[in-house]
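Please read the structure below before turning to the comments.
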Amino acid sequence: MDRAKKDSRKEIITGREALMRALKAEGVKTIFGYPGGSIMPVYDSLYEYTRGEKKAFNHVLVRHEQGAVHAAQGLARVSGEVGVAIVTSGPGATNTLTGVADAMLDSTPIVVIAGQVGIGALGTDAFQEVDLVGVAQPISKWSYQIRHAQDVAWAVSRAFYIARTGRPGPVVLDFPKNAQEHTCEWDGPKHVDFVRSYVPYPIPSDDAIKQAAQLINEAQRPLALVGQGVELGNAHTELLELIEKADIPVGRTLLGLSALPSRHPLNMGMLGMHGQYSLNMKTQEADVIIAIGMRFSDRVTGLPSNYAPQAKIIHIDIDKAEINKCIKADIPVIGNCKTILPAITRLLNKNDHTAWKNSFASYFEQELKLVIEPSIHPDKGPLLMGEVVNAVAEATKGDAILVTDVGQNQMLSARYFHFNQKRSIVTSGGLGTMGFGLPAAIGATFGAPERTVCMFCGDGGFQMNIQELGTIMEQQAPVKIILLNNNYLGNVRQWQDMFWGGRKSFTPMLNPQYELIAKAYGIPYELVIDRKDLSAKVAKMLTTDGPFILECAIKEDADVMPMTAPGKSVNEMMLTFDYQNE
C-alpha cells in the first residue's frame with residue numbers, strides 16, 4: 001500500500017516534455033533544427049524551453065535540414081560536446097542523412113532526433129513516412145525508434161552515451177508522433193553507462209604496449225602519423241610527451257592537423273595526396289611507423305601494396321575494425337590513445353634522431369622553391385588561393401578555427417593555415433561533402449563563441465548550402481567567409497586537365513553576383529581582385545563585428561600541388577605537372 005501511495009505521487013508528463021528534460025540533463029545548450037508536421041508536438045514544448053523560467057536551450061532555425069546536421073557537427077568538433085539536430089519526418093529526416101554519413105566517417109558525436117508518423121500509420125505509406133531506422137542503420141552508430149513515452153529518457157541517455165563514447169559517431173532517434181503526445185510517469189533522467197556487447201574503451205594489451213615501446217626504442221628512422229583520434233581522445237599532452245622523449249618526427253592527417261601545433265619542431269606537415277612532399281618521400285624510408293588515431297585512408301597511403309615497404313607498423317586505435325583494414329599492422333594496440341601513449345612513453349628511452357629529422361630538409365627545400373613560395377608569395381599574375389590562405393593565416397596568428405568546404409579550397413587552406421590550439425579544424429574528410437563548410441562554420445561559432453571562425457569555400461560548395469546565409473543573418477553568427485571564386489568546380493577541373501585530356505565536362509560555372517546576395521542578407525562584403533588590396537581587406541574582415549564575406553577572384557586554372565596521382569605510390573608524388581608531356 002505504501003508503494004502504491006508513492007507511485008501515485010509521480011509526475012505525469014508527455015513524451016515531448018520528457019525529451020526536453022532528458023536533453024537538459026545531458027547538458028545540451030544549443031539545438032539546430034527545422035520544424036514540421038510530425039515533430040510539431042516537440043517544437044511546441046521546445047517553445048517553452050527557449051524562453052522564460054524554463055529556458056534551457058538556444059534553438060537555431062536553419063534553412064535546410066542538411067544544414068542542421070552539419071551545424072551540429074561543427075559545434076561538436078570544436079567543443080567536444082554532442083551536437084543535436086531536431087527535424088521532422090520524411091524529407092526532413094532524409095535531408096539529414098548526408099550529415100549522418102559524414103559524421104560516421106569522421107567520428108563526430110551527434111544525435112539527430114526526427115519526427116515520425118504515428119505508430120498506427122507505420123507501414124501504410126502515410127504522408128511523409130520513411131523507414132528512417134532502416135535507412136540510417138548502415139551509416140550511424142545506433143538508430144532507434146522511440147515507440148513509447150516512458151522510453152524517452154532511457155533512449156536519449158543511451159543515444160548520448162553511444163554517440164560520445166569510444167570512437168564517437170552519429171545516433172539517430174526516430175520519434176513517432178503518438179509517443180510524443182502520450183504520457184508517462186516521470187522518474188527523472190536516466191543515466192546509461194553500459195550497453196551489452198558495446199565495449200567503448202577496450203583495455204590495451206600490456207604485451208602490445210611493451211612490444212611497441214621496444215620497437216620504437218630500436219628504431220633508427222621512426223615516423224609518427226597523427227590523426228583525429230588524438231583530438232577525440234584529448235591526448236594532446238600525452239602525444240607531446242611521447243614524441244619529444246623519443247624525438248620522433250610527425251606527420252598529421254587532414255582531420256588531425258590541430259592535434260599538434262603547426263610550428264612545433266617535430267611537426268613535418270600534412271600527410272596525404274596534397275600533403276608535404278618530404279613526408280611522402282620519407283614515409284618510404286621509415287623503419288618504424290607509429291600510427292596514432294588514424295585509419296590509413298587511401299588519400300594517405302596512395303598505392304597500399306607499396307606503402308612504407310621498409311617500416312614495421314604500430315597501429316594505435318580505439319576501433320578494432322580499423323586494424324589491418326587498409327594497412328597490415330605488425331603491432332596493433334587497441335584502446336584509448338590517452339591511456340596508451342603514456343604507457344608507451346614510460347618504457348621509452350630518451351632518444352635523439354637529429355640525422356633522420358635533418359634528412360627531411362632537402363625534400364622540403366625542393367617543395368619550398370617549386371611549390372610553396374610560388375603559391376603563397378607570387379609576384380605576378382592573378383590572385384592565388386594559397387596566398388589568400390596565407391594572408392588570413394598570418395593575420396589570425398594561428399589562433400583561429402579553420403572551417404573548410406571541399407575541393408581545392410580545402411586542400412590549400414589545410415596546407416597553409418596555422419594552428420596553435422587544439423580542435424581548430426572542421427572539415428569533411430571521409431565523405432568529402434560539398435556544402436559542408438557554411439553550416440559547419442555556423443555550428444563552430446556556437447561551439448567556441450570566444451574564437452574567430454574562418455570558413456574557406458569555393459564557388460561550387462558555397463552555393464550548395466548558400467541558403468544558410470539566412471541562418472547567419474538571423475543569428476548574426478560571426479562567420480568570416482572567404483569565398484575563393486575561380487568560376488570552376490576547381491578540383492574536378494584539375495583532374496580533367498591532368499587525367500582526362502583537358503576536357504572540361506560541365507565544370508565551368510556561371511556564377512551570380514555575390515555582392516548582391518551578401519547585400520540581400522545584410523552581410524558585409526568585400527571583393528579582392530588585386531593582391532595589393534588583400535592584406536587590408538583581410539584586416540577589415542577580421543575587425544568587423546559579426547559575419548563577413550570576402551570574395552577573392554582567383555586564377556581560374558591554378559592547380560593544387562604537390563600531388564600523388566590516384567593509383568600511384570606516395571614516393572611518386574609530383575611537385576609540378578607537365579601538361580605538354582602528359
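The values are calculated or read from the model by the stated rules, or taken from the named source; none is laboratory data. Everything numeric here is computed off the predicted structure, so don't read it as measured data. Heads up, the Cβs are rebuilt from the backbone with ideal geometry, glycines too, and the neighbour counts pull from every protein chain shown. Please note that ligands, DNA and RNA were not included when accessible areas were found on the heavy atoms of the full protein model with its side chains. Shrake-Rupley method; radii C 1.70, N 1.55, O 1.52, S 1.80 Å.
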Determine which aspartates and glutamates satisfy two conditions relative to LYS282: a Cα distance under 17 Å, and not lying fewer than 8 residues away in the same chain. ASP247, GLU365, GLU367, GLU572
Please give the solvent-accessible surface of LYS141 in Å², to the nearest 10, using a probe radius of 1.4 Å with every protein chain present. 60
Would you mind computing, in nm to one decimal, how far apart the modelled labels at LYS369 and LYS210 are, each placed 7 Å from Cα along Cα→Cβ? 5.0
Once amide H atoms are built 1.01 Å from N in the peptide plane, which residues 5 or more positions from SER205, or in another chain, come under 5 Å H to H? ILE334
Residue by residue through the range 30-35, which ³J(HN,Hα) values in whole Hz follow from phi under the Karplus form 6.51 cos²θ - 1.76 cosθ + 1.60 (θ = phi - 60°), with glycine and proline marked x? 10, 10, 9, x, 8, x
If each of ASN358 and LYS555 carries a label point 7 Å out from its Cα toward its Cβ, how far apart are those two points in nm? 3.5
What FRET efficiency do you get for VAL199 and HIS264 if R0 is 45 Å and r is their Cβ-Cβ distance, rounded to the nearest 0.05? 0.85
Quick one: order PHE506, PHE360 from most to least accessible surface, probe 1.4 Å. PHE506, PHE360
Rank by packing, highest mean first: peptides 272-280, 518-526, with packing defined as the count of other Cβ atoms within 10 Å averaged across residues. 272-280, 518-526
Helix 437-447: angle to the longest alpha-carbon principal axis of the chain, degrees 0 to 90, nearest 10? 70
Label point at TYR47 placed 7 Å out along Cα→Cβ; residues across the range 182-204 whose backbone nitrogen lies under 20 Å: 182-183
Convert each backbone phi in the range 49-61 into a coupling constant with the Karplus relation 6.51 cos²θ - 1.76 cosθ + 1.60 (shift: θ = phi - 60°), then list the ³J(HN,Hα) values in order as whole Hz, x for Gly and Pro. 8, 10, 7, x, 5, 7, 3, 9, 10, 9, 9, 10, 7
Taking 0.36 nm per residue of separation between ASP187 and PHE577 and subtracting their Cα-Cα distance, the length gained on full extension comes to 133.8 nm
Relative to a virtual label point 7 Å from the Cα of GLN513 in the Cα→beta-carbon direction, which members of the range 534-554 show backbone nitrogen distances below 18 Å? 549-553
1.4 Å probe accessible area per residue over the range 167-236, in Å²: 48
Those aspartates and glutamates that a straight Cα-Cα span of less than 20 Å connects to LYS504, excepting residues fewer than 8 apart in one chain: ASP459, GLU556, ASP557, ASP559, ASP578, GLU582
DSSP beta bridges in the chain, what fraction antiparallel, as a percent rounded to 5? 10
Under 5 Å from the placed amide H of GLN145, counting only residues 5+ away or on other chains, we find ASP174
Nearby lysines by direct alpha-carbon distance to LYS537 (threshold 21 angstrom, same-chain neighbours under 8 apart not counted): LYS380, LYS397, LYS480, LYS519, LYS555
So what is the calculated 222 nm ellipticity per residue for the chain, using -39500 (n - 2.57) for each DSSP H run with n of 4 or more, over all residues, to the nearest 500 deg cm²/dmol? -10000 deg cm²/dmol
